[in-house]
Amino acid sequence: MNITAIVINVFALVSLLVAFFKSKEKAVRSLKVAGKSAFKILPMILIIVVVVGLMLGFVPPDQIAKFFGEQSGLLGVLIIGGIGAILHIPSLVAFPLAASLLESGASVMAAAAFITTLTMIGTVYLPVEIKLLGKKLALLRNGLSFIIAILISVLMGLIL
């Protein structure tokens, strides 16, 4: 376990003890709510495991490194940015998937491009956006979002 996880867990434990000290009833109620929430997201966690497992099973790490690693340059970032723009998966799945991409040899820029395009661009929602905003504005919003997402990923790659 890394230091960040230890700090977060210690903070959560101390906060729980303070909550119990202040009001045992409220603390128990909050634990029940947290338990119900955890139970509700359990299917999503299973989906994460399946998606990451399938991705790693079908695409070997050396191929990920080849197409999305440091040597792939801007083309690799644009390709994975396009993939992120097209896919419609929840962020809860996207972050572990991006982490597994990093572990398999993808660059920070590629992982950042995947996450930013996934969250900023809504190709699935494009027909609705066109109806609400008009074709020109919807395409402009998505196009600018793609450009900004790629710029963000390049910045992330330079900083990290």
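Here are the numbers for this structure:
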{"item": "Selection within the stretch 48-73 - open to solvent by less than 80 Å² (accessible area, probe 1.4 Å) and β-branched (Val, Ile, Thr)", "result": "48, 51, 52, 59, 64"}
{"item": "Matching residues in the stretch 74-119 - criterion: being within 19 Å of residue 61 (Cβ to Cβ), over 10 Å from the mean Cα position of the chain (by Cα) and open to solvent by 60 Å² or more (accessible area, probe 1.4 Å)", "result": "79, 83, 102, 103"}
{"item": "Matching helices (runs of 4 or more DSSP H) fully within the stretch 1-97 where at least 1 residues are among the aromatic types (Phe, Trp, Tyr), closer than 22 Å to residue 157 by Cα and without any contact (Cβ under 8 Å) to a residue 60 or more places away in the chain", "result": "61-68"}
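The values are calculated or read from the model by the stated rules, or taken from the named source; none is laboratory data. All values reported here derive from a predicted model rather than from experimental measurement. Counting neighbours? That spans all protein chains shown, and the Cβs are built from the backbone with ideal geometry, glycine included. Note: accessible area is taken over every heavy atom of the protein model, side chains too, but ligands, DNA and RNA are not part of it. Shrake-Rupley method; radii C 1.70, N 1.55, O 1.52, S 1.80 Å.
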